[in-house]
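Report on the following structure.
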């Protein structure tokens, strides 16, 4: 317990196997981060500037892109600095801040995807009542839920972690997360684990809601050719995003709380997938598949060239 008060810095050992190729990883990480910023900002600006895109589906998509920028801002600047340093360390406060940003970003992504599935369900299964149900007030409430719920639960998770004294400072990852911090707990972390399981249960309920929504959507769309086209254009991108996000986050959560016997490089590669794939693919998939966004973007580019 004496050492528990001495933890001022955490040592990140996730880059131990990449010392010989740090310059290559730095360039790849920098390109990835610049790509994430570019594609997400492009979609956000396009949606904000075009009044024809001020509809619930595009507003939620804009929120998804904002969250992508928020979550990656908690990871890439630090990893780029670490790839230029001989020793990878982070302060106690910095580690908790990074864990909070990444944690809440993941939660917000899931909440936003759930909200988007509800929007698609009402739009396709109850089209005549869509504007009655999904009003501007409803959109604001759903946006508030998708952001406030993650930020609040993240605050609780970090608060529960702060109260635990630590007896170590080694983190075998390239970024901080709450499970890695709590592996050095000097006291029982039963409360933390219960809270984590409660949140996993909420995620499962959200996934079940998404699955139910899409079962209803598919059942409605298969009845007509027009419905199938609408499903392909607006729902397939959403489904692809959901499958990718759930797969990579479940793996990271599982290996975070359990000792998975895989190499450090493999663990790092899988751990950062939710910080690479969704932020890049979300705007690209939606931008390429949603006709209104594609038309507005192409029109904007043509005007700039002329």
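Could you order peptides 78-84, 176-182 by the average number of other Cβ atoms within 10 Å of their residues, highest first?
Taking the mean over residues of other Cβ atoms within 10 Å, the ranking is 176-182, 78-84.
Would you order 137, 129 from fewest to most other beta-carbon atoms within 10 Å of each residue's own beta-carbon?
Ordered from fewest to most neighbouring Cβ atoms within 10 Å, 137, 129 come out as 137, 129.
In what sequence do 169, 105, 188 fall when counting other Cβ within 10 Å, fewest first?
Fewest-to-most Cβ neighbours within 10 Å comes out as 188, 169, 105.
Exposure proxy check: 245, 175 ranked by fewest other beta carbons within 10 Å?
So the residues, fewest neighbours to most, are 245, 175.
Given q = 0.23, 0.30 Å⁻¹, what are the Debye log10 I(q)/I(0) values for region 145-207, with equal point scatterers placed on the Cα positions and solvent ignored?
-1.03, -1.30
Just report the Cα centroid separation between region 16-93 and region 175-245, whole Å.
21 Å
FYI, it's all coordinate maths here, none of it is from the lab. Predicted model only: the values in this text are computed from it and were never measured. Note: ideal-geometry Cβ built from the backbone for every residue, glycine included; neighbour counts use all protein chains shown.
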